[in-house]
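Below: the structure, in structure tokens.
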Amino acid sequence: MISARGLRRSFSDGEGGALTVLDSADLEVAAGELVAVMGRSGSGKSTLLHILGGLDSQYQGDVNVAGVSLRGLSDTALSRFRNGTVGFVFQSFHLVPGLNALENVALPSFFGASGGDARAALERVGLSHKASRQPSQLSGGERQRVAIARALYARPKVLFCDEPTGNLDAATGAEIIALFESLNAEGLTVLAVTHEERVSRAAKRVLRLESGKLVPA
Amino acid sequence: MTFGALLRLVKLSVRRDVRGALSSVFGVSIGIAALVFFVALGLGIGRVVREKVFPLDAQLVEVVPSQITLGSILGGGKIDQDTFERLRALPGVTAAYRKMNVRVPAVSRYDGDFFGTRLHMGLEVLAVGVDPELVKNDVLMGDFKDPAEGQPVPAIVASRLVDIYNNSFAPNRGLPRLSASLAAGFQFPVEFNRSFVVATRPGPVTAATLQLVGASDRGILAGLTIPLDTAVRLNKASGVDFETFSGVTLQADGPSRVPELVAHVKEMGLKVDEQERRWAENAGAAVLLTTGALALLSLLICLLAAVNIAHALSASVRVRAKELGIMRAVGASKRDVRALIFAEAAVLGAVGGAVGAALAIAASYGLDALALSHLPQFPFKPDTFFFIPPWLPLAGVGLGVLASLAGAWWPSRDAAGIDPARTLAG
Ligand SMILES: Nc1ncnc2c1ncn2[C@@H]1O[C@H](COP(=O)(O)OP(=O)(O)OP(=O)(O)O)[C@@H](O)[C@H]1O
Ligand SMILES: [Mg+2]
């Protein structure tokens, strides 16, 4: 489902030099897996996720996600990929203020995703009774559920999660992790990057990102 | 992105920053209001100049004899019946009208009732005879032709003369204002071949009664327009030239044929009287220049409005960087993001343009009302100083949109350039 070969990504360090974050990293994730990538802060976890999810195309190497080879795709094609093939969940939820929960879930439909069911997605995360709440009227855990419902809206093949429990307390975090497990049980491929043990414990496979390479933990 | 989705996102961002949106709309509306106002004023005054001050018929060509002696050597110069026939036969001429000055001086001595006022005055009179067809649409009573013995001679005055009389002459002298229909029927005595100021011919003095029968744009400005046959008869009686014409008015088959016609006339050794046309053009140019300058100033305001919108949108894009980033993450392309910013600008511009056009129209009505009630009567004072063709408000809205889109150029680039990976991490 996810296949990355020889990934290399470096940033300029602002002093004329280059900071290499990923250095020929390889990754293979089969369909239906729940994989966690661990690593200390600054090791490049988010960078890896952005490349796999089509948010960053300034890398070297080859990436294939759900049968889509990302190398050389146009901005429009990459956008369509993000819109329909994958879903993102972020640490700080990133809901759009001014849109209620239901509208936030349906956000992908503004950019082309069709056939999604925002109400069903909201139901799946157990929040159908708060569909018309504004993000500011929801708790952190509820916001993250709305964000997950949004990621599920277009029925993606892969869910990418970046520190999904980073802003949540223990109990709420556990509920979110349980949600990922049950989504995975339904067949969704989930790749979560985190430095939290509680996330990696739920994963069926754990990788470590060290010195720009992915190694089994 | 569909149009409906775009509209909903625009609505969302406008609703979230109503104050910012209002400020942008305000800027555009002031610029467009000024522009529409001044253009309407320019068009309005231009129309007054064209229709009231110099009511030129663009299809008419005034042919006059050439004073150059060379013309007479070539057989041209003067306009006799033969020349008239040739003029009438020129290509593109649909009608031709002769004019003959009464070639002796004339005076009118009036002592009697003048529309309820007692009038006692002596006046030098200029008279021109014309082919009746030229003024037939403006004759309000009787036949415009040389009358039988003892009958009054029909006479037409220039509409502009009536206007000047009504608005400057009459008020200063306590005389009543007159409309063409009110004045029609008024009779006064005229003695031809008589003058208070110049020597006259040895011939006899011909006394006649003239009767006003209407006012016409085609009447001569400084005098009376009478039937051609009357002028011929008077000239003959006074022993002066009654065979050549003072001028011929040619009606062209459309304004576009006029230049060609003028060329033909000049080839015949005759002149075209372009005095009125030149005055009209000069006045028109003056109006165009002034209102053009004001319109340019308004364009400058529109430019400032565009800069204002650019600032507002830039700030808004910076504030919304995360939000735009999340849109990118869920499938918005760079083009979608750019379209969104442009759409926001277009809506602000359209609203601003519409408000501005409405303001301008309201202001023009207000000013007209004020002018009507507060400005004194003056010659050619129009009912309205403005002319607002339907395209003008539409163009105002269009320009508002255009200015806003121009202002959105850089902010939309910035927005499209947002790196979602950077704004969303952490
Ligand atoms: N756009 C960028 N420009 C320059 N440097 C960057 C950029 N994005 C990331 N980096 C650097 O790349 C390195 C990896 O960043 P990344 O965000 O992938 O780390 P991370 O593992 O997700 O860390 P954390 O656990 O704190 O989220 C960091 O040193 C970061 O400063
Ligand atoms: Mg990170």
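If we scan the stretch B:237-255, do we find a residue that is of a type in the set (A, V, I, L, M), in contact with a Pro (Cβ under 9 Å, 6 or more places away or on another chain) and at pLDDT 90 or above?
At the first step, the residues of the stretch B:237-255 found to be of a type in the set (A, V, I, L, M) are B:237, B:240, B:248, B:250, B:252.
Now narrow it down to the ones that are in contact with a Pro (Cβ under 9 Å, 6 or more places away or on another chain): B:237.
Next, only the ones that are at pLDDT 90 or above stay: none.
No, every residue in the stretch B:237-255 fails to be of a type in the set (A, V, I, L, M), in contact with a Pro (Cβ under 9 Å, 6 or more places away or on another chain) and at pLDDT 90 or above.
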Q) Across the stretch A:58-95, which residue is farthest from B:Arg320 (Cα to Cα) among those that are hydroxyl-bearing (Ser, Thr, Tyr) and more than 8 Å from every other protein chain (Cβ to nearest Cβ)? A) A:Ser69
Q: Look at the stretch A:41-83 and say how many of its residues are buried (at least 22 other Cβ atoms within 10 Å of the Cβ), assigned to a helix (DSSP H, G or I) and among the small types (Gly, Ala, Ser).
A: 2
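If you check B:Val135 against the conditions, is it surrounded by 18 or more Cβ atoms within 10 Å (Cβ to Cβ) and assigned to a helix (DSSP H, G or I)?
Details: surrounded by 18 or more Cβ atoms within 10 Å (Cβ to Cβ): yes; assigned to a helix (DSSP H, G or I): yes.
For B:Val135, the condition - surrounded by 18 or more Cβ atoms within 10 Å (Cβ to Cβ) and assigned to a helix (DSSP H, G or I) - is met.
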Q. Mind checking which residues of the stretch A:8-46 are β-branched (Val, Ile, Thr) and farther than 12 Å from A:Leu214 by Cβ?
A. A:Thr20, A:Val21
Q.
Among the listed residues B:Gly366, B:Gly353, identify the single one that is at pLDDT 90 or above, assigned to a helix (DSSP H, G or I) and crowded, with 21+ Cβ neighbours inside 10 Å.
A. B:Gly353
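Inspect the stretch A:113-125 for any residue being within 16 Å of ligand 1 (Cβ to nearest atom) and either without any contact (Cβ under 8 Å) to a residue 12 or more places away in the chain or closer than 28 Å to A:Ala30 by Cα (or both) and give the result as yes or no.
No; the residues of the stretch A:113-125 include none that is within 16 Å of ligand 1 (Cβ to nearest atom) and either without any contact (Cβ under 8 Å) to a residue 12 or more places away in the chain or closer than 28 Å to A:Ala30 by Cα (or both).
Scan the stretch A:21-36 and give yes if some residue there is polar (S, T, N, Q), more than 7 Å from ligand 1 (Cβ to nearest atom) and away from chain B (no Cβ under 11 Å), otherwise no. Reasoning before the result, please.
Step one: of the stretch A:21-36, the residues polar (S, T, N, Q) are A:24.
Subset that is more than 7 Å from ligand 1 (Cβ to nearest atom): A:24.
Narrowing further to those that are away from chain B (no Cβ under 11 Å): A:24.
The answer is yes; a qualifying residue exists.
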(Q) Among the listed residues A:Val193, A:Val206, A:Val199, identify the single one that is over 22 Å from A:Leu107 (Cα atoms), surrounded by fewer than 22 Cβ atoms within 10 Å (Cβ to Cβ) and among the β-branched types (Val, Ile, Thr). (A) A:Val206
Q: Look through the stretch A:42-91, keep the residues that are in contact with a Phe, Trp or Tyr (Cβ under 6 Å, 6 or more places away or on another chain) and within 16 Å of ligand 2 (Cβ to nearest atom), and return whichever of them is farthest from A:Arg145 (Cα to Cα).
A: A:Ile51
Q: Spot the failing condition for B:Ala89; the list is (1) more than 30 Å from B:Leu228 (Cβ to Cβ); (2) away from chain A (no Cβ under 14 Å), and only one is missed.
A: (1)
Q. Restricting the first residue to the stretch B:411-426 and requiring it to be within 16 Å of ligand 2 (Cβ to nearest atom), which pairs with a second residue that is among the hydroxyl-bearing types (Ser, Thr, Tyr) meet a Cβ separation below 8 Å and a spacing of at least six or different chains?
A. B:Ala421/A:Ser46; B:Ala421/A:Thr47; B:Ala425/A:Ser46; B:Gly426/A:Ser46; B:Gly426/A:Ser92
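Run down A:Ala131, A:Ala113, A:Ala118 and say which single residue is out of contact with any strand residue (DSSP E or B) (no Cβ under 6 Å at 6 or more places or on another chain), more than 25 Å from A:Lys45 (Cβ to Cβ) and within 11 Å of chain B (Cβ to nearest Cβ). Let's see the steps before the verdict.
Working: A:Ala131 fails: within 11 Å of chain B (Cβ to nearest Cβ); A:Ala118 fails: within 11 Å of chain B (Cβ to nearest Cβ).
Criteria check complete, one pass: A:Ala113.
The values are calculated or read from the model by the stated rules, or taken from the named source; none is laboratory data. Bear in mind the structure is a predicted one, so any value in this text is a computation, not a measurement. Cβ coordinates were reconstructed from backbone atoms using ideal geometry, including for glycine residues, and neighbour counts include every protein chain displayed.
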